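The values are calculated or read from the model by the stated rules, or taken from the named source; none is laboratory data. Since we're looking at a predicted model, the values are computed, not measured. Cβ: placed from backbone, ideal geometry, glycine included. Neighbour counts: every protein chain shown.
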Amino acid sequence: MSIKSDRWIREMAGQGMIEPFEPGQVRDGKAGRAISYGTSSYGYDVRCADQFKIFTNINSAVVDPKNFDESSFIDVQADVCIIPPNSFALASTVEYFRIPRNVLTICLGKSTYARCGIIVNVTPLEPEWEGHVTLEFSNTTTLPAKIYANEGVAQMLFLESDEVCEASYKDRAGKYMGQRGVTLPRP
């Protein structure tokens, strides 16, 4: 397996792997300095869309991945999401991904957020998975934390295998195939 460079990412994006695609690093936003997104040396920095699901304990529900209670979240559409202390929020990437059959994609949080106690958690994007990536932002601090929509939040790293996998996510009819927007747990 090898990690792929910016040249490979631009080539694959031209084949529809990432849409919309930014071939360079964007650092300036509408209100001045933005958290960067776009192609980096060995990865792609994704943006967060402006629709968030913020976890709330208002209904005292039990968090159960086999029987998830959607009332545990409040929906917010905004340019900024405020995550309560010691809580989390879900969002999705602006970008839609189509992962090739011989590629595994790993998502890591950006250091700007990590240095503020905000952790980004995403499971790997398996070969032949496609969709908007659901992102989880954990606020590990005792203070409210901000997430900015349409700015960089995480970096995708692409690992290309020397051989094609026997069974891809598509072959297994994975339950999160083709997801659009924020997708909650499915049993």
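Just to be sure before I move on: is Ser92 within 17 Å of Leu135 (Cβ to Cβ), touching a Leu at 6+ places or on another chain (Cβ under 9 Å) and either of a type outside the set (Val, Ile, Thr) or crowded, with 19+ Cβ neighbours inside 10 Å (or both) in the structure I sent? Step through it out loud before you land on a result.
Working: within 17 Å of Leu135 (Cβ to Cβ): yes; touching a Leu at 6+ places or on another chain (Cβ under 9 Å): yes; either of a type outside the set (Val, Ile, Thr) or crowded, with 19+ Cβ neighbours inside 10 Å (or both): yes.
The answer is yes for Ser92.
Assess whether Val63 counts as being surrounded by fewer than 14 Cβ atoms within 10 Å (Cβ to Cβ) and either under 16 Å from the mean Cα position of the chain (by Cα) or among the β-branched types (Val, Ile, Thr) (or both). Steps first, please.
Working: surrounded by fewer than 14 Cβ atoms within 10 Å (Cβ to Cβ): yes; either under 16 Å from the mean Cα position of the chain (by Cα) or among the β-branched types (Val, Ile, Thr) (or both): yes.
Yes: the conditions hold for Val63.
When only residues in region 1-30 that are basic (Lys, Arg) and within 17 Å of Gly152 (Cα to Cα) count, which is surrounded by the most Cβ atoms within 10 Å (Cβ to Cβ)? Explain how you work it out, then say what you get.
Initially, region 1-30 is screened for residues basic (Lys, Arg), giving 4, 7, 10, 27, 30.
Narrowing further to those that are within 17 Å of Gly152 (Cα to Cα): 27, 30.
Details: Arg27: 13, Lys30: 8.
It comes out as Arg27.
Could you check region 14-31 and list, in sequence order, the residues that are among the hydrophobic types (A, V, I, L, M, F, W, C) and at pLDDT below 90?
Just the residues of region 14-31 that are among the hydrophobic types (A, V, I, L, M, F, W, C), to begin with: 17-18, 21, 26, 31.
Once the filter is applied, which keeps residues that are among the hydrophobic types (A, V, I, L, M, F, W, C) and at pLDDT below 90, region 14-31 yields Val26, Ala31.
Residues being assigned to a strand (DSSP E or B), in contact with an Asp or Glu (Cβ under 7 Å, 6 or more places away or on another chain) and polar (S, T, N, Q): count how many of those fall in region 132-187.
1
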